[in-house]
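Data first, discussion second: the structure below is written as structure tokens.
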Amino acid sequence: MGRIDPNTPTGRVILVLNSDDEQKRELRRVIDEQHDKRTANYHQWVKPEEFGSRFGVHDSDISQVETWLKSQGFTVEDVSKSKRSSTLAELRVNWRRPSRPDALLQHKGKTEVANNGNISIPTALSPVIAGVTVHSSFRSPRKNP
């Protein structure tokens, strides 16, 4: 049916953030110890804030991502306590490649919004951003129990 106006807010998106390799190794070690009865860390779970400070993305990296997002017209709504995901509000189509914007589609008699291309992230931020949810108004069909 056509493109969506680039200034149209299209809802929320989740960015999945990526810790550095050293933090990943330390997290793996801690998880292994939490499941090993022979260690002092057996079943010693951590709160989200502690997880974020030990294993989450560095505050300086989060700040860089937030600065870039705001420069692109996004509003950063929240950064999770674990510092592994970030919720964005007001995702705007201009973040996607201009040649493949979001589109309005007609599906089974309903008008739907769907991403019509890949989301482009600056190379400098790619080590920190592990993934991005794709906006779509399509819903998974419900299965009968």
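Taken together, the values in this text are just the output of simple stated rules run on the coordinates, not laboratory data. This structure is a prediction, so every number in the text was calculated from the model and none was measured. Don't worry about glycine lacking a Cβ; one is built from the backbone with ideal geometry, like all the others, and counts go over all protein chains shown.
Karplus-derived 3J(HN,Hα) values for region 70-86, using 6.51 cos²θ - 1.76 cosθ + 1.60 with θ = phi - 60°, are 5, 5, 9, x, 8, 10, 7, 7, 6, 10, 4, 4, 7, 6, 10, 8, 9 Hz; glycine and proline are entered as x. Take each peptide in 36-44, 51-59, count the other Cβ atoms within 10 Å of every residue, and average; sorted highest first, the result is 51-59, 36-44.
Here the 3J(HN,Hα) profile of region 50-60, calculated from phi with Karplus coefficients 6.51, -1.76 and 1.60 at θ = phi - 60°, is 5, 4, x, 6, 8, 10, x, 5, 4, 4, 5 Hz, Gly and Pro shown as x. Across region 15-21, rounded Karplus estimates of 3J(HN,Hα) from the backbone phi angles (6.51 cos²θ - 1.76 cosθ + 1.60, θ = phi - 60°) give 9, 9, 9, 10, 6, 6, 4 Hz, Gly and Pro being marked x. The amide H of Gly131, built 1.01 Å from its N in the peptide plane, has Val16 as neighbours under 5 Å, considering only residues 5 or more places off or on other chains.
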